[in-house]
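See below for the structure under consideration.
The values are calculated or read from the model by the stated rules, or taken from the named source; none is laboratory data. Just so you know, these numbers come straight off a predicted model, no measurement behind them. Neighbour counts run over all protein chains shown; Cβ positions are idealised from the backbone, glycine included. Ligands, DNA and RNA are excluded from the accessible area calculation, which covers all protein heavy atoms including side chains. Shrake-Rupley method; radii C 1.70, N 1.55, O 1.52, S 1.80 Å.
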Amino acid sequence: MKIAFVGKGGSGKTTLSSLFIRHLVATGAPVVAVDADINQHLAAALGLDDAQAAAVPAMGEQLALIKDHLRGANPRITSARTMIKTTPPGEGSRLLQVCEPNPVYDACARPVELDGGAVRLMVTGPFTESDLGVACYHSKTAAVELFLNHLVDGPGEYVVVDMTAGSDSFASGMFTRFDITFLVAEPTRKGVSVYRQYREYARDFGVVLKVVGNKVQGQDDLDFLRAEVGDDLLVTVGHSDWVRSMEKGRPPRFDLLEEENHLSLRRLRTAVDATYELRDWERYTRQMVHFHLKNARSWGNERTGADLAAQIDPGFVLGESVCALPGGNASLTPTA
């Protein structure tokens, strides 16, 4: 199951995504965590110090390796150079699973020990001073989008992505890559403004969107959120002494998190698991194709010097029944 945490800067989305990751790991679930934010704070929220966080390799710096591995023996992709962030898989592509060893995880993922288990952590890499004026952060998230496009995950497996703040993720098709999106909103006008943007943009793409109210201090805050987001409000979170200790770098045992917050995390997981029955791999694949064609026309063809529409395999549907052939190549077994 693929889960995105979004929200405006300072809303607490990284903190809440880290709590949800800890909750999943504590139950024994396999989890891949991805920090796709322009400000890289998920590693610290999961307990790494500055040196340990800096040692996690940036996915953006391994983009050539990622492309070369994922294209596999796909005859429609003539070289890694012609792959762009939206390139979809086809027959011969190498697909990824949550619970497997592969060169992408070897190059980009590092285990982080948490109470009760470990999570595979991947990071896009920070937007550095050298990037100013010459780079777009969306190019750094290309590795994450390719990772999600080639990922075949099942029930009981979780990929949690801490997304860029605000509505930046709509600059690509990545916002459609998730089973559910949790939008973290404070009980303020600014806090719910990103929700309105997401709701408007996501409406035509079947995106499941739920709001997590954060920093809720009383009934007035709760009433405000209910009036602004209606039935999309799933849970609320208030002050947490456990989180305050975690932010100081001294997290207690996770089972000491306040019971009301444990309850909120369980409700998040229930909402995630319920979306499994809504999965539509054909729609998911169509959306990949839609955004790939859009990017090809707007900049991809010119930049690569190739007709990127030719990369689309019209008979291929990504899904759990797409079997791995010897060598890790994707078969054409369609989903049911």
task = Output the number of residues of the range 240-259 satisfying the condition of being within 24 Å of residue 190 (Cβ to Cβ) and touching a residue at least 24 places away in the same chain (Cβ under 8 Å).
result = 2
message = With open to solvent by less than 70 Å² (accessible area, probe 1.4 Å) and assigned to a helix (DSSP H, G or I) as the only criterion, which of 118, 53 stands out?
response = 53
note = Within the range 275-296, residues more than 23 Å from residue 91 (Cα to Cα) and either open to solvent by 60 Å² or more (accessible area, probe 1.4 Å) or in contact with a Leu (Cβ under 8 Å, 6 or more places away or on another chain) (or both) come out as 276, 277, 278
Inter-residue pairs, beta-carbon under 8 Å, first touching a residue at least 60 places away in the same chain (Cβ under 8 Å) and in the range 275-293, second of a type in the set (Ser, Thr, Tyr), 6+ apart = 284/176; 287/176; 288/86; 291/86; 291/172; 291/176; 292/86; 292/87
request  = Can you give me the number of residues within the range 87-108 that are in contact (Cβ under 8 Å) with a residue 60 or more places away in the chain, under 29 Å from residue 41 (Cα atoms), in contact with a strand residue (DSSP E or B) (Cβ under 7 Å, 6 or more places away or on another chain) and buried (at least 21 other Cβ atoms within 10 Å of the Cβ)?
outcome  = 1
inquiry  = I'm checking my understanding of the structure. Among residues of the range 18-34 that are assigned to a helix (DSSP H, G or I) and hydrophobic (A, V, I, L, M, F, W, C), which one is most open to solvent (accessible area, probe 1.4 Å)?
reply    = 26
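Among the listed residues 38, 84, which satisfies the condition of being open to solvent by less than 30 Å² (accessible area, probe 1.4 Å) and closer than 26 Å to residue 179 by Cα?
After applying the criteria, what remains is 84.
Tell me which residues, restricted to the range 210-232, are under 22 Å from residue 276 (Cβ atoms) and surrounded by fewer than 16 Cβ atoms within 10 Å (Cβ to Cβ).
The one that is under 22 Å from residue 276 (Cβ atoms) and surrounded by fewer than 16 Cβ atoms within 10 Å (Cβ to Cβ): 231.
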key: Inter-residue pairs, beta-carbon under 9 Å, first over 19 Å from residue 1 (Cα atoms) and in the range 181-209, second acidic (Asp, Glu) and surrounded by fewer than 15 Cβ atoms within 10 Å (Cβ to Cβ), 6+ apart   = 187/220; 187/223
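So which residues in the range 115-130 are touching a helix residue (DSSP H, G or I) at 6+ places or on another chain (Cβ under 8 Å) and either at pLDDT below 95 or small (Gly, Ala, Ser) (or both), if there are any at all? Let's see the steps before the verdict.
Within the range 115-130, the first condition is being touching a helix residue (DSSP H, G or I) at 6+ places or on another chain (Cβ under 8 Å), and the residues that meet it are 115-125, 127.
The answer is 115, 116, 117, 118, 124, 125, 127.
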remark   = Exactly one of 9, 72 is surrounded by fewer than 17 Cβ atoms within 10 Å (Cβ to Cβ) and over 20 Å from residue 255 (Cα atoms), and that one is 9
note = Of 235, 207, the only residue that is under 30 Å from residue 177 (Cβ atoms), surrounded by 20 or more Cβ atoms within 10 Å (Cβ to Cβ), of a type in the set (Val, Ile, Thr) and within 23 Å of the chain's Cα centre (by Cα) is 235
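Rundown of residues vs (1) under 26 Å from residue 38 (Cα atoms); (2) not polar (S, T, N, Q), yes/no style:
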site: 178; (1), (2): yes, yes
site: 188; (1), (2): yes, no
site: 210; (1), (2): yes, yes
site: 223; (1), (2): no, yes
site: 229; (1), (2): no, yes
site: 237; (1), (2): yes, yes
site: 244; (1), (2): yes, yes
site: 249; (1), (2): yes, yes
Condition check for residue 217: at pLDDT below 95 and out of contact with any strand residue (DSSP E or B) (no Cβ under 9 Å at 6 or more places or on another chain) = yes
